[in-house]
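Taking it in order: structure first as C-alpha coordinates, then the write-up.
The values are calculated or read from the model by the stated rules, or taken from the named source; none is laboratory data. Predicted model only: the values in this text are computed from it and were never measured. As a convention, Cβ positions derive from the backbone with ideal geometry for all residues, glycine included, and neighbour counts pool all protein chains shown. Just so you know, the surface numbers come from the protein's heavy atoms only, side chains and all, with ligands and any DNA or RNA stripped out. Shrake-Rupley method; radii C 1.70, N 1.55, O 1.52, S 1.80 Å.
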Amino acid sequence: MRRAVWLAALLGVGSAAAQDLAAYRELTRSLDAAAAARPQSAEAALTQLDRAGAALERLAPTLESRPLVEGLRGALGQARAALARTPADLQAQVLLARGLARGALSAQTLSRLGSGDAPSPNQLRLLAQEFGLSAAAAQALQTDAAAGQIERVAWRLQRAAAAKVQAALAEAQPERSAASYLALARAAGWLTAVQDAGAGSLRAAQFTEALGQLTAGDRAGLTASLAELQQGSAELMRALATPPARQQAATPAPPAADTPAAESAAAPAETTPATESTPSDPAPPADTPSGEVALAQAYAALGRALSASGHGDPVTARAELARARTALETAPATLRTAPDFEGYLAALGAAQERRSLRPDSVQALIAGLAGLERGSLPAVDRASLAATGTFGGGLRAGLLLLLALLAPVPLYLLNLAFGGRNPFWRAITAALALLLLPTFVEGLLGAVGWLGDLLGVAALRAAPAFSPWASPFGLPLRALLTAAALGLAVYGFRGLCVQFGLLGSRREATLAPTPTVEWEEAL
(Lines give C-alpha, C1' and ligand atoms only; values in the text may rest on other atoms or scores of the structure.)
Protein backbone atom coordinates (compact mmCIF):
# COMPACT_ATOMS: atom_id res chain seq x y z
CA MET A 1 0.00 0.00 0.00
CA ARG A 2 1.57 3.27 -1.14
CA ARG A 3 0.21 5.15 1.82
CA ALA A 4 2.02 2.82 4.21
CA VAL A 5 5.24 3.13 2.20
CA TRP A 6 5.01 6.91 2.43
CA LEU A 7 4.47 6.75 6.16
CA ALA A 8 7.44 4.46 6.58
CA ALA A 9 9.58 6.94 4.67
CA LEU A 10 8.40 9.68 6.99
CA LEU A 11 9.38 7.65 10.02
CA GLY A 12 12.89 7.22 8.64
CA VAL A 13 13.55 10.94 8.34
CA GLY A 14 15.24 11.12 11.73
CA SER A 15 14.47 12.07 15.25
CA ALA A 16 11.39 14.23 15.43
CA ALA A 17 11.86 17.76 16.68
CA ALA A 18 9.53 20.55 17.64
CA GLN A 19 8.80 22.84 14.74
CA ASP A 20 9.01 26.61 15.24
CA LEU A 21 5.31 27.41 14.77
CA ALA A 22 5.81 31.15 15.27
CA ALA A 23 8.35 31.21 12.44
CA TYR A 24 5.98 29.13 10.30
CA ARG A 25 3.13 31.57 10.86
CA GLU A 26 5.41 34.53 10.08
CA LEU A 27 6.57 32.80 6.90
CA THR A 28 3.08 32.12 5.59
CA ARG A 29 1.75 35.53 6.68
CA SER A 30 4.60 37.32 4.91
CA LEU A 31 4.16 35.27 1.75
CA ASP A 32 0.45 36.14 1.58
CA ALA A 33 1.22 39.80 2.29
CA ALA A 34 3.79 39.86 -0.52
CA ALA A 35 1.25 38.57 -3.03
CA ALA A 36 -1.31 41.12 -1.82
CA ALA A 37 1.13 44.05 -1.94
CA ARG A 38 2.59 43.35 -5.39
CA PRO A 39 -0.19 45.03 -7.48
CA GLN A 40 0.45 48.33 -5.67
CA SER A 41 4.13 48.27 -4.84
CA ALA A 42 6.95 45.93 -5.80
CA GLU A 43 9.04 47.42 -2.99
CA ALA A 44 6.41 46.53 -0.38
CA ALA A 45 6.22 43.00 -1.81
CA LEU A 46 10.01 42.70 -1.64
CA THR A 47 9.93 43.81 2.00
CA GLN A 48 7.44 41.06 2.78
CA LEU A 49 9.55 38.49 0.93
CA ASP A 50 12.56 39.57 2.99
CA ARG A 51 10.52 38.96 6.13
CA ALA A 52 9.51 35.57 4.79
CA GLY A 53 13.16 34.77 4.14
CA ALA A 54 14.12 35.74 7.70
CA ALA A 55 11.26 33.59 9.05
CA LEU A 56 12.44 30.66 6.92
CA GLU A 57 15.95 30.94 8.36
CA ARG A 58 14.45 30.66 11.85
CA LEU A 59 12.22 27.79 10.77
CA ALA A 60 14.85 25.81 8.81
CA PRO A 61 16.81 24.45 11.81
CA THR A 62 13.60 22.95 13.20
CA LEU A 63 12.70 21.17 9.94
CA GLU A 64 13.88 17.60 9.48
CA SER A 65 13.61 17.40 5.69
CA ARG A 66 16.54 19.15 4.02
CA PRO A 67 14.98 18.78 0.54
CA LEU A 68 11.91 20.67 1.75
CA VAL A 69 14.09 23.42 3.22
CA GLU A 70 15.99 23.77 -0.04
CA GLY A 71 12.72 23.71 -1.95
CA LEU A 72 11.36 26.54 0.18
CA ARG A 73 14.51 28.58 -0.34
CA GLY A 74 14.31 27.98 -4.06
CA ALA A 75 10.64 29.01 -4.10
CA LEU A 76 11.48 32.25 -2.28
CA GLY A 77 14.22 32.92 -4.82
CA GLN A 78 11.76 32.35 -7.66
CA ALA A 79 9.29 34.68 -5.94
CA ARG A 80 11.90 37.45 -5.80
CA ALA A 81 12.65 36.91 -9.48
CA ALA A 82 8.91 37.10 -10.24
CA LEU A 83 8.78 40.64 -8.83
CA ALA A 84 10.11 41.88 -12.16
CA ARG A 85 7.23 40.18 -13.98
CA THR A 86 3.45 40.41 -13.53
CA PRO A 87 1.68 40.25 -10.14
CA ALA A 88 0.19 36.90 -11.19
CA ASP A 89 3.71 35.43 -11.50
CA LEU A 90 4.49 36.39 -7.92
CA GLN A 91 1.15 35.04 -6.70
CA ALA A 92 1.85 31.73 -8.44
CA GLN A 93 5.26 31.43 -6.81
CA VAL A 94 3.72 32.26 -3.44
CA LEU A 95 1.13 29.51 -3.92
CA LEU A 96 3.88 27.00 -4.66
CA ALA A 97 5.90 28.16 -1.64
CA ARG A 98 2.81 27.89 0.57
CA GLY A 99 2.32 24.34 -0.67
CA LEU A 100 5.89 23.42 0.27
CA ALA A 101 5.51 25.01 3.71
CA ARG A 102 2.27 23.15 4.25
CA GLY A 103 3.94 19.92 3.17
CA ALA A 104 6.76 20.50 5.63
CA LEU A 105 4.31 21.08 8.46
CA SER A 106 2.30 17.93 7.71
CA ALA A 107 5.37 15.74 7.13
CA GLN A 108 6.98 16.75 10.40
CA THR A 109 3.73 16.32 12.33
CA LEU A 110 3.35 12.79 11.00
CA SER A 111 7.02 12.10 11.68
CA ARG A 112 6.64 13.11 15.32
CA LEU A 113 3.48 11.06 15.59
CA GLY A 114 5.19 8.00 14.11
CA SER A 115 8.11 8.29 16.53
CA GLY A 116 5.73 8.16 19.48
CA ASP A 117 6.10 11.87 20.29
CA ALA A 118 2.59 13.29 20.09
CA PRO A 119 2.43 16.72 18.36
CA SER A 120 1.38 19.66 20.48
CA PRO A 121 -2.26 20.81 20.33
CA ASN A 122 -1.07 24.11 18.82
CA GLN A 123 0.65 22.26 15.99
CA LEU A 124 -2.44 20.17 15.30
CA ARG A 125 -4.67 23.25 15.33
CA LEU A 126 -2.33 25.03 12.92
CA LEU A 127 -2.28 21.95 10.69
CA ALA A 128 -6.08 21.79 10.64
CA GLN A 129 -6.25 25.49 9.82
CA GLU A 130 -3.71 25.18 7.00
CA PHE A 131 -5.64 22.29 5.43
CA GLY A 132 -9.01 24.01 5.86
CA LEU A 133 -10.57 21.39 8.11
CA SER A 134 -13.93 22.00 9.73
CA ALA A 135 -14.29 22.13 13.50
CA ALA A 136 -15.55 18.53 13.56
CA ALA A 137 -12.78 17.32 11.26
CA ALA A 138 -10.15 19.16 13.30
CA GLN A 139 -11.46 17.51 16.46
CA ALA A 140 -11.35 14.10 14.76
CA LEU A 141 -7.78 14.84 13.67
CA GLN A 142 -6.75 15.55 17.25
CA THR A 143 -8.55 12.41 18.47
CA ASP A 144 -6.73 10.22 15.94
CA ALA A 145 -3.41 11.89 16.76
CA ALA A 146 -3.91 11.33 20.48
CA ALA A 147 -4.68 7.66 19.77
CA GLY A 148 -1.56 7.31 17.62
CA GLN A 149 -3.59 6.57 14.48
CA ILE A 150 -0.97 7.88 12.06
CA GLU A 151 -2.61 6.44 8.93
CA ARG A 152 -5.94 8.03 9.75
CA VAL A 153 -4.30 11.39 10.48
CA ALA A 154 -2.47 11.21 7.16
CA TRP A 155 -5.67 10.18 5.36
CA ARG A 156 -7.61 13.17 6.68
CA LEU A 157 -4.92 15.58 5.53
CA GLN A 158 -4.48 13.86 2.17
CA ARG A 159 -8.21 13.87 1.44
CA ALA A 160 -8.50 17.57 2.30
CA ALA A 161 -5.52 18.37 0.06
CA ALA A 162 -6.85 16.18 -2.76
CA ALA A 163 -10.18 18.01 -2.63
CA LYS A 164 -8.31 21.34 -2.89
CA VAL A 165 -6.49 20.02 -5.95
CA GLN A 166 -9.78 18.97 -7.51
CA ALA A 167 -11.45 22.32 -6.74
CA ALA A 168 -8.55 24.29 -8.19
CA LEU A 169 -8.49 22.19 -11.37
CA ALA A 170 -12.23 22.75 -11.78
CA GLU A 171 -11.55 26.51 -11.94
CA ALA A 172 -8.81 26.21 -14.59
CA GLN A 173 -10.00 26.85 -18.13
CA PRO A 174 -8.20 25.99 -21.39
CA GLU A 175 -7.36 29.61 -22.07
CA ARG A 176 -4.44 31.92 -21.51
CA SER A 177 -5.59 33.92 -18.49
CA ALA A 178 -4.28 34.90 -15.08
CA ALA A 179 -7.19 33.10 -13.39
CA SER A 180 -6.35 29.77 -15.04
CA TYR A 181 -2.64 30.28 -14.37
CA LEU A 182 -3.26 30.83 -10.66
CA ALA A 183 -5.72 27.92 -10.47
CA LEU A 184 -3.09 25.56 -11.86
CA ALA A 185 -0.46 26.95 -9.50
CA ARG A 186 -2.84 26.50 -6.55
CA ALA A 187 -3.51 22.89 -7.55
CA ALA A 188 0.22 22.23 -7.91
CA GLY A 189 0.83 23.72 -4.47
CA TRP A 190 -1.75 21.43 -2.86
CA LEU A 191 -0.35 18.41 -4.70
CA THR A 192 2.76 18.54 -2.49
CA ALA A 193 0.67 17.15 0.37
CA VAL A 194 -0.45 14.07 -1.57
CA GLN A 195 2.00 13.44 -4.42
CA ASP A 196 3.90 10.76 -2.45
CA ALA A 197 0.85 9.34 -0.70
CA GLY A 198 -1.09 7.46 -3.31
CA ALA A 199 -1.54 10.36 -5.74
CA GLY A 200 -2.40 7.94 -8.51
CA SER A 201 -1.61 9.27 -11.96
CA LEU A 202 -1.06 12.86 -10.78
CA ARG A 203 2.52 14.04 -11.03
CA ALA A 204 4.16 17.41 -10.54
CA ALA A 205 5.55 17.16 -14.08
CA GLN A 206 2.00 17.20 -15.45
CA PHE A 207 1.32 20.55 -13.81
CA THR A 208 4.61 21.92 -15.11
CA GLU A 209 3.66 20.83 -18.61
CA ALA A 210 0.17 22.36 -18.32
CA LEU A 211 1.60 25.66 -17.06
CA GLY A 212 4.02 25.70 -20.00
CA GLN A 213 1.17 25.09 -22.44
CA LEU A 214 -0.86 27.87 -20.85
CA THR A 215 1.93 30.45 -21.08
CA ALA A 216 2.69 29.38 -24.68
CA GLY A 217 -0.96 29.67 -25.69
CA ASP A 218 -1.20 25.98 -26.70
CA ARG A 219 -4.96 25.71 -26.27
CA ALA A 220 -5.29 22.18 -27.67
CA GLY A 221 -2.47 20.81 -25.53
CA LEU A 222 -3.78 22.61 -22.46
CA THR A 223 -7.27 21.19 -22.99
CA ALA A 224 -5.88 17.65 -23.09
CA SER A 225 -3.64 18.25 -20.07
CA LEU A 226 -6.50 19.67 -18.01
CA ALA A 227 -8.71 16.71 -18.86
CA GLU A 228 -5.95 14.34 -17.81
CA LEU A 229 -5.33 16.24 -14.56
CA GLN A 230 -9.03 16.38 -13.69
CA GLN A 231 -9.37 12.65 -14.35
CA GLY A 232 -6.36 11.99 -12.13
CA SER A 233 -7.78 14.15 -9.33
CA ALA A 234 -11.11 12.30 -9.50
CA GLU A 235 -9.27 8.97 -9.26
CA LEU A 236 -7.32 10.27 -6.28
CA MET A 237 -10.51 11.33 -4.50
CA ARG A 238 -11.98 7.87 -5.05
CA ALA A 239 -8.82 6.27 -3.74
CA LEU A 240 -9.05 8.36 -0.57
CA ALA A 241 -12.79 7.85 -0.09
CA THR A 242 -12.45 5.04 2.44
CA PRO A 243 -10.67 5.77 5.74
CA PRO A 244 -7.98 3.35 6.91
CA ALA A 245 -8.96 0.84 9.57
CA ARG A 246 -8.03 1.72 13.11
CA GLN A 247 -4.87 0.09 14.38
CA GLN A 248 -5.64 -2.60 16.93
CA ALA A 249 -2.84 -1.56 19.26
CA ALA A 250 -3.95 2.02 19.42
CA THR A 251 -6.10 3.36 22.19
CA PRO A 252 -9.67 3.19 20.94
CA ALA A 253 -11.40 6.49 20.32
CA PRO A 254 -14.79 7.28 21.85
CA PRO A 255 -17.51 4.94 20.50
CA ALA A 256 -19.33 7.79 18.77
CA ALA A 257 -16.32 8.41 16.55
CA ASP A 258 -16.62 4.89 15.06
CA THR A 259 -20.17 5.35 13.86
CA PRO A 260 -20.79 6.25 10.23
CA ALA A 261 -22.51 9.48 11.23
CA ALA A 262 -19.54 10.64 13.31
CA GLU A 263 -17.10 9.63 10.59
CA SER A 264 -19.12 11.65 8.10
CA ALA A 265 -19.23 14.71 10.36
CA ALA A 266 -15.51 14.54 11.11
CA ALA A 267 -14.38 14.20 7.52
CA PRO A 268 -13.13 17.28 5.66
CA ALA A 269 -15.62 19.11 3.52
CA GLU A 270 -13.51 18.92 0.37
CA THR A 271 -14.47 15.38 -0.57
CA THR A 272 -15.89 13.66 -3.58
CA PRO A 273 -19.45 14.43 -4.58
CA ALA A 274 -22.21 12.28 -3.15
CA THR A 275 -22.30 10.20 -6.34
CA GLU A 276 -18.72 9.04 -5.69
CA SER A 277 -19.16 8.04 -2.04
CA THR A 278 -19.20 4.43 -0.95
CA PRO A 279 -21.46 2.73 1.59
CA SER A 280 -18.49 2.24 3.94
CA ASP A 281 -17.60 5.94 3.90
CA PRO A 282 -20.66 8.16 3.69
CA ALA A 283 -19.95 11.44 1.97
CA PRO A 284 -19.91 14.39 4.36
CA PRO A 285 -22.14 17.36 3.76
CA ALA A 286 -21.05 19.43 0.79
CA ASP A 287 -20.79 22.59 2.81
CA THR A 288 -18.15 21.79 5.45
CA PRO A 289 -14.56 23.15 5.36
CA SER A 290 -15.01 24.35 1.83
CA GLY A 291 -18.48 25.47 2.83
CA GLU A 292 -19.57 26.90 6.14
CA VAL A 293 -16.09 26.91 7.67
CA ALA A 294 -14.65 28.60 4.57
CA LEU A 295 -17.39 31.20 4.85
CA ALA A 296 -16.53 31.76 8.51
CA GLN A 297 -12.87 32.12 7.53
CA ALA A 298 -13.86 34.72 4.94
CA TYR A 299 -15.79 36.72 7.54
CA ALA A 300 -12.84 36.49 9.95
CA ALA A 301 -10.44 37.71 7.28
CA LEU A 302 -12.76 40.60 6.39
CA GLY A 303 -12.98 41.51 10.08
CA ARG A 304 -9.19 41.60 10.36
CA ALA A 305 -9.03 43.66 7.17
CA LEU A 306 -11.50 46.12 8.70
CA SER A 307 -9.36 46.44 11.81
CA ALA A 308 -6.17 46.90 9.77
CA SER A 309 -7.71 49.52 7.48
CA GLY A 310 -8.95 51.43 10.52
CA HIS A 311 -5.40 51.50 11.93
CA GLY A 312 -3.67 52.69 8.78
CA ASP A 313 -2.20 49.29 7.82
CA PRO A 314 -3.21 48.73 4.17
CA VAL A 315 -0.65 45.96 3.61
CA THR A 316 -2.23 43.76 6.27
CA ALA A 317 -5.71 44.77 5.11
CA ARG A 318 -4.97 43.71 1.53
CA ALA A 319 -3.42 40.45 2.74
CA GLU A 320 -6.58 39.67 4.71
CA LEU A 321 -8.74 40.50 1.70
CA ALA A 322 -6.66 38.01 -0.27
CA ARG A 323 -7.33 35.41 2.45
CA ALA A 324 -11.06 36.17 2.24
CA ARG A 325 -11.05 35.73 -1.53
CA THR A 326 -9.21 32.40 -1.20
CA ALA A 327 -11.70 31.20 1.41
CA LEU A 328 -14.66 32.16 -0.78
CA GLU A 329 -13.35 29.94 -3.55
CA THR A 330 -14.60 26.99 -1.48
CA ALA A 331 -17.68 28.73 -0.06
CA PRO A 332 -21.03 26.91 0.05
CA ALA A 333 -22.42 26.01 -3.35
CA THR A 334 -25.53 28.10 -2.70
CA LEU A 335 -23.31 31.16 -2.27
CA ARG A 336 -21.04 30.46 -5.26
CA THR A 337 -24.06 30.03 -7.54
CA ALA A 338 -25.72 33.27 -6.40
CA PRO A 339 -26.40 35.66 -9.33
CA ASP A 340 -24.10 38.40 -8.04
CA PHE A 341 -21.28 36.22 -6.67
CA GLU A 342 -18.87 36.95 -9.53
CA GLY A 343 -19.60 40.66 -9.26
CA TYR A 344 -18.89 40.51 -5.55
CA LEU A 345 -15.56 38.76 -6.16
CA ALA A 346 -14.70 41.48 -8.68
CA ALA A 347 -15.45 44.15 -6.06
CA LEU A 348 -13.33 42.24 -3.53
CA GLY A 349 -10.45 42.06 -6.00
CA ALA A 350 -10.75 45.76 -6.78
CA ALA A 351 -10.64 46.62 -3.07
CA GLN A 352 -7.55 44.45 -2.69
CA GLU A 353 -5.78 46.49 -5.37
CA ARG A 354 -6.90 49.87 -4.00
CA ARG A 355 -4.08 52.01 -2.65
CA SER A 356 -6.15 54.00 -0.14
CA LEU A 357 -8.24 51.32 1.53
CA ARG A 358 -10.67 52.80 4.04
CA PRO A 359 -12.89 51.03 6.63
CA ASP A 360 -16.11 51.89 4.82
CA SER A 361 -14.92 49.91 1.77
CA VAL A 362 -14.41 46.81 3.91
CA GLN A 363 -17.72 47.40 5.70
CA ALA A 364 -19.45 47.40 2.31
CA LEU A 365 -17.78 44.07 1.48
CA ILE A 366 -18.93 42.53 4.76
CA ALA A 367 -22.49 43.75 4.22
CA GLY A 368 -22.42 42.49 0.63
CA LEU A 369 -21.31 39.02 1.71
CA ALA A 370 -24.12 38.90 4.25
CA GLY A 371 -26.52 39.85 1.47
CA LEU A 372 -25.21 37.09 -0.79
CA GLU A 373 -25.87 34.56 1.97
CA ARG A 374 -29.56 35.42 1.64
CA GLY A 375 -29.56 34.55 -2.06
CA SER A 376 -28.67 37.72 -3.97
CA LEU A 377 -26.89 41.01 -3.51
CA PRO A 378 -29.40 43.64 -2.32
CA ALA A 379 -29.62 46.88 -4.28
CA VAL A 380 -28.33 48.90 -1.34
CA ASP A 381 -25.24 46.68 -1.09
CA ARG A 382 -24.64 46.91 -4.84
CA ALA A 383 -24.83 50.68 -4.57
CA SER A 384 -22.46 50.66 -1.57
CA LEU A 385 -19.88 48.52 -3.40
CA ALA A 386 -20.14 50.70 -6.49
CA ALA A 387 -19.75 53.88 -4.44
CA THR A 388 -16.71 52.62 -2.54
CA GLY A 389 -15.22 51.41 -5.81
CA THR A 390 -15.53 54.76 -7.56
CA PHE A 391 -15.43 57.29 -4.71
CA GLY A 392 -12.08 56.45 -3.19
CA GLY A 393 -8.37 57.11 -3.34
CA GLY A 394 -7.30 60.41 -4.81
CA LEU A 395 -10.83 61.35 -5.91
CA ARG A 396 -12.18 61.06 -2.39
CA ALA A 397 -9.22 62.81 -0.79
CA GLY A 398 -9.28 65.63 -3.36
CA LEU A 399 -13.01 66.29 -3.11
CA LEU A 400 -13.03 66.28 0.70
CA LEU A 401 -9.99 68.56 0.79
CA LEU A 402 -11.79 70.97 -1.56
CA LEU A 403 -14.81 70.98 0.75
CA ALA A 404 -12.51 71.62 3.73
CA LEU A 405 -10.94 74.60 1.98
CA LEU A 406 -14.36 75.98 1.04
CA ALA A 407 -15.81 75.56 4.55
CA PRO A 408 -14.45 78.90 5.92
CA VAL A 409 -15.78 80.87 2.93
CA PRO A 410 -19.42 81.21 4.09
CA LEU A 411 -18.21 82.14 7.57
CA TYR A 412 -16.07 84.94 6.14
CA LEU A 413 -18.91 86.20 3.93
CA LEU A 414 -21.36 86.09 6.82
CA ASN A 415 -19.07 88.17 8.99
CA LEU A 416 -18.37 90.55 6.11
CA ALA A 417 -22.05 91.07 5.35
CA PHE A 418 -23.43 91.44 8.87
CA GLY A 419 -20.41 92.41 10.93
CA GLY A 420 -19.37 90.93 14.25
CA ARG A 421 -20.69 93.45 16.80
CA ASN A 422 -24.16 91.96 17.14
CA PRO A 423 -24.08 88.99 19.60
CA PHE A 424 -26.92 87.26 17.76
CA TRP A 425 -25.05 87.23 14.47
CA ARG A 426 -21.94 86.02 16.27
CA ALA A 427 -23.96 83.12 17.72
CA ILE A 428 -25.26 82.22 14.24
CA THR A 429 -21.73 82.35 12.83
CA ALA A 430 -20.48 80.08 15.62
CA ALA A 431 -23.33 77.62 14.96
CA LEU A 432 -22.45 77.44 11.28
CA ALA A 433 -18.77 76.96 12.17
CA LEU A 434 -19.60 74.01 14.42
CA LEU A 435 -21.70 72.41 11.69
CA LEU A 436 -18.87 72.76 9.17
CA LEU A 437 -16.10 71.67 11.56
CA PRO A 438 -16.45 67.89 10.87
CA THR A 439 -16.24 68.53 7.13
CA PHE A 440 -13.11 70.64 7.62
CA VAL A 441 -11.40 68.03 9.83
CA GLU A 442 -12.43 65.14 7.54
CA GLY A 443 -10.96 66.88 4.51
CA LEU A 444 -7.64 67.61 6.20
CA LEU A 445 -7.25 64.12 7.71
CA GLY A 446 -8.29 62.46 4.45
CA ALA A 447 -5.65 64.43 2.54
CA VAL A 448 -2.99 63.55 5.13
CA GLY A 449 -3.95 59.85 4.93
CA TRP A 450 -3.82 59.87 1.13
CA LEU A 451 -0.40 61.53 1.27
CA GLY A 452 0.70 58.81 3.70
CA ASP A 453 -0.46 56.14 1.24
CA LEU A 454 1.57 57.75 -1.53
CA LEU A 455 4.71 58.13 0.60
CA GLY A 456 4.33 54.89 2.55
CA VAL A 457 4.46 56.69 5.91
CA ALA A 458 2.48 54.71 8.49
CA ALA A 459 1.96 57.69 10.84
CA LEU A 460 0.31 59.71 8.06
CA ARG A 461 -1.66 56.72 6.77
CA ALA A 462 -3.32 56.35 10.17
CA ALA A 463 -4.67 59.93 10.17
CA PRO A 464 -8.15 59.04 8.77
CA ALA A 465 -8.67 56.78 11.80
CA PHE A 466 -9.28 59.98 13.83
CA SER A 467 -11.87 61.30 11.39
CA PRO A 468 -15.18 62.39 12.95
CA TRP A 469 -16.94 60.58 10.09
CA ALA A 470 -15.11 57.26 10.30
CA SER A 471 -13.91 56.84 13.88
CA PRO A 472 -16.08 55.12 16.54
CA PHE A 473 -16.08 58.28 18.67
CA GLY A 474 -17.07 60.38 15.66
CA LEU A 475 -20.83 59.91 16.06
CA PRO A 476 -21.10 61.16 19.67
CA LEU A 477 -18.68 63.97 18.84
CA ARG A 478 -20.76 65.08 15.85
CA ALA A 479 -23.92 64.79 17.97
CA LEU A 480 -22.36 67.05 20.60
CA LEU A 481 -21.24 69.60 17.99
CA THR A 482 -24.68 69.53 16.35
CA ALA A 483 -26.41 70.06 19.70
CA ALA A 484 -24.15 73.04 20.45
CA ALA A 485 -24.74 74.44 16.95
CA LEU A 486 -28.51 74.09 17.34
CA GLY A 487 -28.42 75.88 20.69
CA LEU A 488 -26.36 78.77 19.30
CA ALA A 489 -28.53 78.99 16.17
CA VAL A 490 -31.76 79.08 18.21
CA TYR A 491 -30.30 81.74 20.47
CA GLY A 492 -29.11 83.86 17.56
CA PHE A 493 -32.18 83.65 15.36
CA ARG A 494 -34.58 84.15 18.26
CA GLY A 495 -32.61 87.23 19.31
CA LEU A 496 -32.92 88.63 15.80
CA CYS A 497 -36.65 87.87 15.72
CA VAL A 498 -37.11 89.67 19.06
CA GLN A 499 -34.95 92.53 17.83
CA PHE A 500 -37.19 93.02 14.80
CA GLY A 501 -40.38 92.62 16.80
CA LEU A 502 -41.33 89.28 15.30
CA LEU A 503 -41.28 87.44 18.64
CA GLY A 504 -41.69 88.36 22.29
CA SER A 505 -43.26 91.43 23.94
CA ARG A 506 -42.53 95.06 23.21
CA ARG A 507 -40.46 95.19 26.42
CA GLU A 508 -38.17 92.35 25.15
CA ALA A 509 -37.72 94.21 21.88
CA THR A 510 -36.73 97.35 23.81
CA LEU A 511 -34.19 95.41 25.90
CA ALA A 512 -32.72 93.73 22.83
CA PRO A 513 -29.36 95.08 21.58
CA THR A 514 -29.62 97.99 19.19
CA PRO A 515 -28.95 96.91 15.63
CA THR A 516 -25.58 98.23 14.60
CA VAL A 517 -24.71 96.11 11.57
CA GLU A 518 -23.65 97.82 8.41
CA TRP A 519 -26.41 96.47 6.17
CA GLU A 520 -29.09 98.07 8.40
CA GLU A 521 -27.27 101.40 8.39
CA ALA A 522 -27.19 101.31 4.62
CA LEU A 523 -30.94 100.71 4.51
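Its convex hull of Cα atoms gives segment 86-129 a direction-averaged projected area, equal to a quarter of the hull surface, of 3.2 nm². Which of the trypsin sites (Lys or Arg not before Pro) found in segment 50-135 are loop residues per DSSP with 16 or fewer other Cβ atoms within 10 Å of their Cβ? Those that pass, being in a loop and sparsely packed, are Arg85. Please say if segment 88-178 is rounded, prolate or oblate, where rounded means a/c under 1.5 for a ≥ b ≥ c the square roots of the C-alpha gyration tensor eigenvalues, and otherwise the choice is prolate for a/b larger than b/c and oblate otherwise? Judged from the Cα gyration tensor, segment 88-178 comes out prolate (a/c at least 1.5, a/b above b/c). The mean accessible area for residues of segment 72-136, using a 1.4 Å probe and ignoring ligands and nucleic acids, is 33 Å² per residue.
Among the GluC sites (Glu not before Pro) in segment 132-224, those placed in a DSSP loop whose Cβ has at most 15 other Cβ atoms within 10 Å are Glu175. Of the peptides 378-390, 226-238, the order by per-residue mean of other Cβ atoms within 10 Å, starting with the highest, comes out as 226-238, 378-390. Take the Cα of Arg478, go 7 Å toward its beta carbon, and the backbone nitrogen atoms of segment 334-374 under 19 Å from that spot belong to 358-365, 367.
Computed over segment 287-369, the Cα gyration tensor eigenvalues convert (square root of 5λ each) into semi-axes of 21, 13, 9 Å, ordered from largest to smallest. Applying the criteria of a DSSP loop state and at most 16 other Cβ atoms within 10 Å to the chymotrypsin sites (Phe, Trp or Tyr not before Pro) of segment 349-453 yields Phe391.
What's the center-to-center distance, using Cα atoms, between segment 426-477 and segment 81-107 in Å? Segment 426-477 and segment 81-107 have Cα centres separated by 40 Å.
Take the alpha carbon gyration tensor of segment 63-105, find the square roots of its eigenvalues, order them as a ≥ b ≥ c, and report rounded if a/c is under 1.5; if not, report prolate when a/b exceeds b/c, else oblate. It is oblate, given that a/c is not under 1.5 and a/b is not larger than b/c.
Contact order, relative form, for segment 37-149: 20 percent (alpha carbon pairs under 8 Å, 6 or more residues apart, mean separation divided by residue count).
For segment 89-158, the relative contact order comes to 31 percent (Cα pairs under 8 Å, sequence separation of at least 6). Volume of the convex hull of segment 30-169 (Cα atoms only), normalised per residue: 112 Å³. Computed over all pairs of different Cα atoms, the Kirkwood value for the hydrodynamic radius of segment 363-466 is 16.4 Å.
Ranking of Ser471, Ser65 by solvent-accessible surface, largest first: Ser65, Ser471 (1.4 Å probe, protein heavy atoms only, all chains present). For segment 357-507, the per residue solvent-accessible surface stands at 53 Å², with DNA, RNA and ligands left out and a 1.4 Å probe.
Rolling a 1.4 angstrom probe over segment 92-172 with all protein chains present gives an accessible area of which 51% lies on carbon and sulfur atoms.
Surface analysis of segment 143-197 yields an accessible area of 27 Å² per residue, using protein heavy atoms and a 1.4 Å probe.
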